[in-house]
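Below is one structure, written out as structure tokens; comments come after it.
The values are calculated or read from the model by the stated rules, or taken from the named source; none is laboratory data. No experiment lies behind these values; they were computed from the predicted model shown. All Cβ positions, glycine included, derive from the backbone under ideal geometry; neighbour counts span all protein chains shown.
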């Protein structure tokens, strides 16, 4: 399952883009898709490229983003998009379900990053 994280990233990016552009051209999607799917997809979309860059820069193919950093990222998204932005921009609304989805997808990322772990060569 080494490629599962890559597949999840590409699928999430494509699906999120389709939903975003469908809303821009006024295609009516079911409310659950329109309001919640992209919130579920965003944390892995942000963290997967970061994981790959960190593995490259540290020259460590087994590096994993620690759970506390993942939780920090989820908390920042929740604070910014569910607390701060709704106060200043009418496009954003505070929704506890979005917060839950950020943390569920963060946990999913934590599990999936282990699937990208490669074995180190023994000499």
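Quick check: is even one residue across the range 82-97 within 18 Å of residue 45 (Cβ to Cβ) and surrounded by fewer than 14 Cβ atoms within 10 Å (Cβ to Cβ)?
There is no residue in the range 82-97 that is within 18 Å of residue 45 (Cβ to Cβ) and surrounded by fewer than 14 Cβ atoms within 10 Å (Cβ to Cβ).
Could you say whether any residue in the range 48-60 is within 11 Å of the chain's Cα centre (by Cα), surrounded by 15 or more Cβ atoms within 10 Å (Cβ to Cβ) and modelled with pLDDT of 95 or more?
The answer is no; no qualifying residue exists.
Of all the residues that make up the range 61-81, how many are under 12 Å from residue 113 (Cα atoms) and exposed (fewer than 14 other Cβ atoms within 10 Å of the Cβ)? It would help to see each step written out before you state the result.
So in the range 61-81, the residues under 12 Å from residue 113 (Cα atoms) come out as 61-67, 70.
Next cut, exposed (fewer than 14 other Cβ atoms within 10 Å of the Cβ) only: 61-62, 66-67.
Selection size over the range 61-81: 4.
Scan the range 12-33 residue by residue and report those that are over 17 Å from residue 105 (Cα atoms), part of a helix (DSSP H, G or I) and in contact with a helix residue (DSSP H, G or I) (Cβ under 8 Å, 6 or more places away or on another chain).
Hits for the range 12-33 are 19, 20, 23.
Which one of these is farther than 20 Å from residue 3 by Cα and modelled with pLDDT of 95 or more: 71, 85, 29? Talk me through it step by step, then tell me what you get.
Working: 85 fails: modelled with pLDDT of 95 or more; 29 fails: modelled with pLDDT of 95 or more.
The match here is 71.
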